[in-house]
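Please read the structure below before turning to the comments.
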């Protein structure tokens, strides 16, 4: 019996040692995935239960002991799952115990960075093969010498050539603010090529040479312009001119804006800080740069919380005119002021005459402005008087529809080619501010009469033409739908800027 017991005990120890050896072997071959702790605990309990069962079965049936113990490795490790740590602890009535076995991998398995050094050989580029190409725009007051200084061109030979060549002189004389130009300069500051637009002929003037100190080749070719549309917006801070300049709007567009809204807004006294404007206008591009500015397509002005909008519309008969959003035409509306920028020096009504003295009735409004300031016709009309007229000095009278006449006095000179009976369009220059007649300083005296009775041109209700109706009104609304969407985008940008604190919130009189 003792011999049989020793044999069974020896067989149990051998089976346990075999299980530990298989565990260590499988652990080294397994993957990186760790078993779940619950699964590990289940397999440990299974091992303990089998050891206990083996001890109990030994008393009744000694033979199945070896069979039960031999089954343990395949029950525990048959799935070949990786275990981080496990222990085999057994106990039985025989007093047999198995020590805990822990196996760790000797070499960690994981990704390792591989660094490979690349050999880069720099390639030297000769300086003469890398000229500097500059594309810019002409600023107000620019000359060829100022352009050279801005581009750091040190080339007296090129400057002298441009100042003497007849074609170059012609191109330089027609340079205007906003026109684009292109210049190529080498690293030593020598001019290699320059391209300038020629406004009158629609051509471009270009000079080029292959290397410094060589002779220039002069080229003149038509400019292939591409038509496009510009969208701009801004906020009034000081004046309409300063606001449009800050928004990058050309002066010609600013003048169009003052003309279009001149019948509703007096830009001398009505502007407030925080007023907003948005404008869409046509532009012709020369190789991606603005070259020519065209007409305003649509514009909006918010003055003291009141919104004004105008749209360019071509009617079915082919005539293009500006209309309000309601379909009311602006073409024959009267401008509030015959001057673009000025100040009122004497209002309508009774006053003490500055020259004759005494209380006299002033039948017009005086606008103070420097001598030579252009004077515009406030509406379409026909010249009914042109010449000197007593104390009014050089004088012009225009007759308009609905028995309305306007008069312009103290002119320094008339516009060239004007004559009695000639038809004048609204906004057309008819003369310039002067000091002729009985005056103390240069100014324009402007009168507005209805049926021969003088009225205050700054407060009277100005007549308007018949608005669009029927099919033409429907056509107008259809054609301006896209412009309304564009103005909406510009208004959204203005609102976003205000929310970010980029513009003032206060409203004040300018």
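Assorted remarks:
- Residue in region 481-500 that is outside any helix (DSSP H, G or I), surrounded by 15 or more Cβ atoms within 10 Å (Cβ to Cβ) and at pLDDT below 85 present: no
- Residue match in region 272-294 (condition: assigned to a loop (DSSP other than H, G, I, E, B) and buried (at least 20 other Cβ atoms within 10 Å of the Cβ)): yes
- Taking the numbered list (1) in a strand (DSSP E or B); (2) out of contact with any helix residue (DSSP H, G or I) (no Cβ under 9 Å at 6 or more places or on another chain) in turn, residue 445 passes all entries but (2).
- Residues of region 248-269 satisfying the condition of being surrounded by fewer than 17 Cβ atoms within 10 Å (Cβ to Cβ), over 21 Å from residue 380 (Cβ atoms) and more than 24 Å from the chain's Cα centre (by Cα): 269
- Looking across region 246-271, the residues that are touching a helix residue (DSSP H, G or I) at 6+ places or on another chain (Cβ under 9 Å) and either assigned to a loop (DSSP other than H, G, I, E, B) or without any contact (Cβ under 8 Å) to a residue 12 or more places away in the chain (or both) come down to 249, 250, 265, 267, 271.
- Annotation for region 331-340: no member residue is in contact (Cβ under 8 Å) with a residue 40 or more places away in the chain, within 21 Å of residue 458 (Cβ to Cβ), crowded, with 18+ Cβ neighbours inside 10 Å and within 25 Å of the chain's Cα centre (by Cα).
The values are calculated or read from the model by the stated rules, or taken from the named source; none is laboratory data. On a predicted model such as this, the values are computed, not experimentally measured, just so you know. Glycine also receives a Cβ, built like all others from the backbone with ideal geometry; neighbour counts cover every protein chain displayed.
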